[in-house]
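Everything below concerns the one structure shown next.
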């Protein structure tokens with residue numbers, strides 16, 4: 001079997017999120033005497049927020065399907081972190097049998113960005129009996145996300161399983177216990193993530209509840225006083 005190599009091309013897919021830069025760079029393939037092909041590449045991304053699914057395609061089948069007999073820095077489950085000098089070995093002899101000619105390769109990377117909860121923000125408060133909009137970024141657009149409410153690390157409510165739209169209008173139950181130390185836990189296809197702690201308060205602030213009756217009483221006093229400034233009350237007219 002003879003396996004040669006060409007100047008290979010790389011292709012990065014960001015079907016899930018907009019990309020600001022190519023994720024795969026510096027792809028080099030080299031045929032070895034043992035019927036295997038060594039492929040090296042750089043995987044560009046943010047190690048704190050991204051993981052990748054990486055596959056390799058070849059010109060031998062018109063890039064119709066990914067290669068199978070691979071080992072090294074390859075991943076089918078969005079578990080590979082970014083970095084330079086990634087290495088893949090392809091057992092061409094096992095997959096192709098007898099083959100004569102040159103081959104070109106494509107290393108394709110799909111990015112998965114971790115879920116990040118932006119609202120409610122840490123230290124903020126939501127009102128029970130009212131609807132608050134939850135906001136987040138990341139995740140796979142087709143995955144379902146389980147949302148749970150925790151207090152001091154203990155699950156107190158299963159809010160539900162929702163589509164990954166980035167927002168969800170949560171009707172906060174009016175019977176929810178007021179207090180601090182609440183968090184939200186989002187579970188998608190990756191590890192669960194939690195929001196910062198926030199508090200749940202009354203629907204109306206206590207000052208507003210007290211001020212409303214006071215305003216009514218004050219208005220009544222003014223009205224009575226105004227009616228008494230003109231002297232005694234008027235005498236009704238004599239009946240005809």
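Quick check, is residue 72 outside the structural domain of residue 190 (by TED's automatic domain parsing) and at pLDDT below 90?
Here the answer is no, as residue 72 does not meet what is asked.
All but one of (1) more than 14 Å from residue 29 (Cβ to Cβ); (2) free of Cβ contacts under 8 Å to residues at least 60 places away in the same chain hold for residue 129; state the number of the condition that does not hold.
Unmet condition: (2).
Which residue out of 93, 121 is in the same structural domain as residue 29 (by TED's automatic domain parsing) and not in a strand (DSSP E or B)?
93
If we only count strands (runs of 3 or more DSSP E) wholly inside region 127-189, which ones have 3 or more residues that are outside the structural domain of residue 53 (by TED's automatic domain parsing), surrounded by 13 or more Cβ atoms within 10 Å (Cβ to Cβ) and within 12 Å of the chain's Cα centre (by Cα)?
Because the criterion is at least 3 residues that are outside the structural domain of residue 53 (by TED's automatic domain parsing), surrounded by 13 or more Cβ atoms within 10 Å (Cβ to Cβ) and within 12 Å of the chain's Cα centre (by Cα), the strands (runs of 3 or more DSSP E) in region 127-189 that meet it are 131-137, 144-151, 179-187.
Among the residues in region 47-56, are any part of a strand (DSSP E or B), in the same structural domain as residue 109 (by TED's automatic domain parsing), farther than 25 Å from residue 190 by Cβ and touching a residue at least 12 places away in the same chain (Cβ under 8 Å)?
No: zero hits.
Working only within region 57-67, note down all residues that are touching a residue at least 40 places away in the same chain (Cβ under 8 Å) and in contact with a helix residue (DSSP H, G or I) (Cβ under 7 Å, 6 or more places away or on another chain).
Within region 57-67, 60 is the sole residue that qualifies.
Working only within region 26-45, note down all residues that are at pLDDT 90 or above and farther than 15 Å from residue 104 by Cα.
42, 43, 44, 45
Looking for something touching a helix residue (DSSP H, G or I) at 6+ places or on another chain (Cβ under 8 Å) and not in a strand (DSSP E or B) - is there at least one such residue anywhere in region 68-89?
Taking every residue of region 68-89 in turn, at least one turns out to be touching a helix residue (DSSP H, G or I) at 6+ places or on another chain (Cβ under 8 Å) and not in a strand (DSSP E or B).
Report yes if residue 49 is more than 28 Å from residue 99 (Cα to Cα) and modelled with pLDDT under 90, otherwise no.
Yes: the conditions hold for residue 49.
Is one or more of the residues making up region 88-107 over 20 Å from the mean Cα position of the chain (by Cα), modelled with pLDDT under 95, closer than 30 Å to residue 181 by Cα and exposed (fewer than 12 other Cβ atoms within 10 Å of the Cβ)?
No, region 88-107 contains no residue that is over 20 Å from the mean Cα position of the chain (by Cα), modelled with pLDDT under 95, closer than 30 Å to residue 181 by Cα and exposed (fewer than 12 other Cβ atoms within 10 Å of the Cβ).
The values are calculated or read from the model by the stated rules, or taken from the named source; none is laboratory data. Just so it is clear, the structure is predicted and the values come from calculations on it, not from any experiment. Methodologically, a virtual Cβ is constructed for each residue, glycine included, from the backbone with ideal geometry; neighbour enumeration extends over all protein chains shown.
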